[in-house]
Amino acid sequence: MRIRFCLAMGAALPLLVACTAGPTTSAPVAAAAAGTQFDGRYAGPGMLTAARGQSCGPMAYNYLVTVQNGTAEVIYDRPRIFGAKGPVRGDGSFTLQPTIGDTDLVFSGRIADGKMTGEARDQNCSRSLTLQKQG
């Protein structure tokens with residue numbers, strides 16, 4: 001009888017169900033983001049693979065990418081400070097968009113087996129990435 005009454009009441013449903021339904025097993029609504037299997041620090045070289053009419057810096061440039069709670073971020077200096085940030089999806093793929101500095105450098109790739117591979121590319125330069133998980 002109570003269930004039929006709750007359904008008929010419409011707006012009163014959540015209050016009455018909450019009072020009579022007992023404990024639930026769903027996760028809290030405002031839970032903090034949990035760590036992921038990809039969380040950690042990844043370090044290694046970005047090797048220059050393409051340059052279009054502009055100096056792209058040294059052949060090899062070392063990057064450090066930090067993944068925390070499923071969000072990857074890289075801050076680097078070339079010689080000015082630049083940065084990029086973005087989510088790591090459940091399959092390990094990522095695309096990091098510029099966040100700091102005057103740049104259009106985008107990082108994309110995948111994390112698997114403790115290795116981050118992919119590329120860093122802007123309108124003039126492209127680098128292949130092979131970074132290893134640290135620790």
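Each value in this text was obtained by applying a stated rule to the coordinates, not by laboratory testing. Computed from a prediction, not measured in an experiment: that's the story for all the values here. Virtual Cβ from ideal backbone geometry, glycine too; neighbours counted across all protein chains shown.
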* Structure fact -> The long-range amide H neighbours of Y63, using H built 1.01 Å from N in the peptide plane and a cut-off of under 5 Å, are G44, G46
* Counting Lys +1, Arg +1, Asp -1, Glu -1, what net charge surrounds P98 among other residues with beta carbon under 10 Å of its beta carbon? -> -2
* **Coil-residue trypsin sites (Lys or Arg not before Pro) of the range 86-135, DSSP, other Cβ within 10 Å capped at 14** => R89
* To do: Please work out the FRET efficiency for the pair S93 and K115, using the Cβ-Cβ distance as r and a Förster radius of 22 Å; give the result to the nearest 0.05.
  => 0.95
* To do: Tabulate in residue order the Karplus-calculated ³J(HN,Hα) for the range 120-135, using 6.51 cos²θ - 1.76 cosθ + 1.60 with θ = phi - 60°, rounded to whole Hz; enter x for Gly and Pro.
  => 10, 9, 10, 5, 10, 10, 9, 10, 7, 10, 9, 10, 9, 5, 9, x
